[in-house]
Amino acid sequence: MSIPYLSEHKLKELIKVTRGASLSGQYFEEEGDLIRLTLGNFDYTNGGFKENTSKENLYYSGPVADNFIMNEGDIITPMTEQTPGLLGSTARIPESGKYIQSQDVGLVTCDEEKIDKDFCYYLLPSEIVKKQLSAGAQQTKIRHTSPDKIEACTVFIPSPKEQNKIGRFLSSIDKLINLKRKEITLMELMAKQIYDYWFVQFDFPNDEGKPYKSSGGKMIWNEKLKREIPEGWNDTTLDYYCKMYQPQTISTKLLNGNGKYPVYGANGIIGFYNNYNHTESEIVIACRGNSCGVVNRTDPFSWITGNAMVMAMKNSKYSNEYISQSLRYVNIRGAITGSGQPQITRENLKGIRIILPHDKNIVKYSEAVTGIVKKILKIREEINEIVVMREFFKPLLMTGQVTIKD
């Protein structure tokens, strides 16, 4: 196997890193046109960009210079390590004119005569760069880096031709992953639309197979829910439907990219581990910190950490998807306590009031969405397998141990 010649460079010879704008909190909004980028936009487990669902006031209504408004394809990297291993991560901006670069986020501009942009995207998260950034990070409770420290890193790169081949190969894998994630988004929208149609608009199929409310189905006022509901329906509490528990916490030091089972924390997958502590797909709610109330669906055979509350339907005839969708319409925020460290307890969650349809309606919904949920979980399994493959080949390609034929 031939190994292409690797030339030594400081990153400052190849790229320029610029810090984002300092954005005043007085302009943070819950809706608007421009979204401020945060560390939550880095998918540090699977790599790449993700929408931040852990905060509500992500929009920005204040003045901002044009050069801080991102363009599609811009490469960004974090200036702060809120999560171990975050420094050196990269993400691509998915859409022009929508995101504002904040001061915790660096913009990476490539000298494309010297370094291929796609290759650079995968070079910054490589082990050689991450180790240098970790060693040079300011040793505070939350570690920081700077544009100068990133640009001072030493790298070894192949010829432009090899860079281009590596960048295109790895980008093609990521495009496949993104296509599969879009498929998941469509499947999730289907499950949401069925729930909304049946349990929000109350147009579930009546005994004649017609939409209940639109066909003149009788509605009654429910004082506890402060809304009209179908005649014969009632209200109850979350603990009527659900079993809830907090599992054993796992040290982040045990997580690694080669583990077999995904580990779920407050904001989704936070790593992989060689063991699991539950076997079914269940619902988790972040119950500590700024992410309190964020809801995720887990994969089967996963580990769930102790900073998340696990919820599953008590009745085996009911799909957990029913409670997952229901949680979008209940007052989870009202269950949050604590000023310095927000938290949700099981006692506070279990008393939240929720609509109580007839048993047959929940069973029919469960039957309608079971295939959708299975498809979602299957695609997520495929994505995990592709990510493992990408992470196996990436260091071999970046260090010249493996080459790509023309």
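Throughout, read-outs are computed from the coordinates displayed, never taken from laboratory work. None of the values given here were measured: they were computed from a predicted structure. Cβ placement follows ideal geometry from the backbone for every residue including glycine, while neighbour counts extend to all protein chains displayed.
For the chain, take the longest principal axis of its alpha carbons; what is the angle in degrees between that and the long axis of helix 127-136, to the nearest 10 within 0 to 90?
With both axes taken from Cα atoms, the answer is about 90 degrees.
What order, most packed first, do the peptides 236-249, 163-176, 21-34 have when packing is the mean number of other Cβ atoms within 10 Å of each residue?
The most tightly packed comes first, giving 163-176, 236-249, 21-34.
Which of the aspartates and glutamates could a cross-linker span from Lys226 if the Cα-Cα distance has to be under 13 Å and same-chain partners fewer than 8 positions apart are dropped?
Leaving aside aspartates and glutamates fewer than 8 places away in the same chain, those within reach of Lys226 are Asp235.
Identify all aspartates and glutamates with a Cα-Cα distance to Lys375 below 16 Å; exclude those on the same chain that are fewer than 8 residues away in sequence.
Glu183, Glu188, Glu280, Glu282, Asp299, Glu321, Glu367, Glu385
Kindly express, to the nearest 10 degrees and within the range 0 to 90, the angle between helix 160-199's C-alpha long axis and the longest C-alpha principal axis of the chain.
10 degrees
About its Cα centre, how strong a charge dipole does the chain have in debye, to the nearest 20, once Lys and Arg get +1 and Asp and Glu get -1 at the Cβ?
Taking the Cα centre of the chain as origin, the dipole is about 820 debye.
Test of the criteria: in the stretch 269-372, which GluC sites (Glu not before Pro) are in a DSSP loop and have at most 14 other Cβ atoms within 10 angstrom of their Cβ?
Glu280
Specify the angular offset, from 0 to 90 degrees and rounded to the nearest 10, of the alpha carbon long axis of helix 359-398 from the longest principal axis of the alpha carbons in the chain.
With rounding to tens, the tilt is 10 degrees.
Between the stretch 200-218 and the stretch 339-406, how far is it from one alpha carbon centroid to the other, in angstrom?
So the separation of the two Cα centres works out to 32 Å.
Greater than 20 Å separation of Cα atoms is the criterion. Which listed pairs, Lys175/Lys394; Lys165/Lys405; Lys50/Lys98; Lys182/Lys210; Lys16/Lys55; Lys55/Lys175, meet it?
Values: Lys175/Lys394 15 Å; Lys165/Lys405 9 Å; Lys50/Lys98 14 Å; Lys182/Lys210 32 Å; Lys16/Lys55 30 Å; Lys55/Lys175 27 Å.
Beyond 20 Å: Lys182/Lys210; Lys16/Lys55; Lys55/Lys175.
Could you state the number of Å between the C-alpha centres of the stretch 48-115 and the stretch 264-315?
27 Å
Add -39500 (n - 2.57) for each DSSP H run of 4 or more in the chain, then divide by its residues: what number comes out at 222 nm, to the nearest 500 deg cm²/dmol?
Result for the chain, helices only: -9500 deg cm²/dmol.
Please list, in chain and number order, the residues 5+ apart from Val105 or on another chain whose amide H is under 5 Å from its amide H, with Hs placed from the backbone.
So Val105 has HN proximity to Gly20, Met79.
Please go through the stretch 278-345 and write out the trypsin sites (Lys or Arg not before Pro) that DSSP classes as loop and that have at most 12 other C-beta atoms within 10 Å.
Answer by residue number: Lys314, Lys317.
When only DSSP loop residues count, what trypsin sites (Lys or Arg not before Pro) in the stretch 54-126 have their Cβ near at most 16 other Cβ atoms within 10 Å?
Filter output for the stretch 54-126: Lys55, Lys98, Lys114.
Which entry is the computed Cα Rg over 2.2 N^0.38 Å for this structure: [x] 1.11; [y] 1.06; [z] 0.93?
[x]
Given Cβ point charges of +1 (Lys, Arg) and -1 (Asp, Glu) and nothing else, what value in debye, to the nearest 20, does the dipole of the stretch 303-381 about its Cα centre take? Don't skip to the end; give the middle numbers.
Numbers: 13 positive and 5 negative charges, 29 e Å.
For this selection, approximately 140 debye.
Between Gln103 and Asn348, what is 0.36 nm times their sequence separation minus the Cα-Cα distance? Round to one decimal in nm.
84.6 nm
Amide H neighbours of Ile250 under 5 Å, counting only residues 5+ apart in sequence or on other chains, H built in-plane at 1.01 Å?
Gly306
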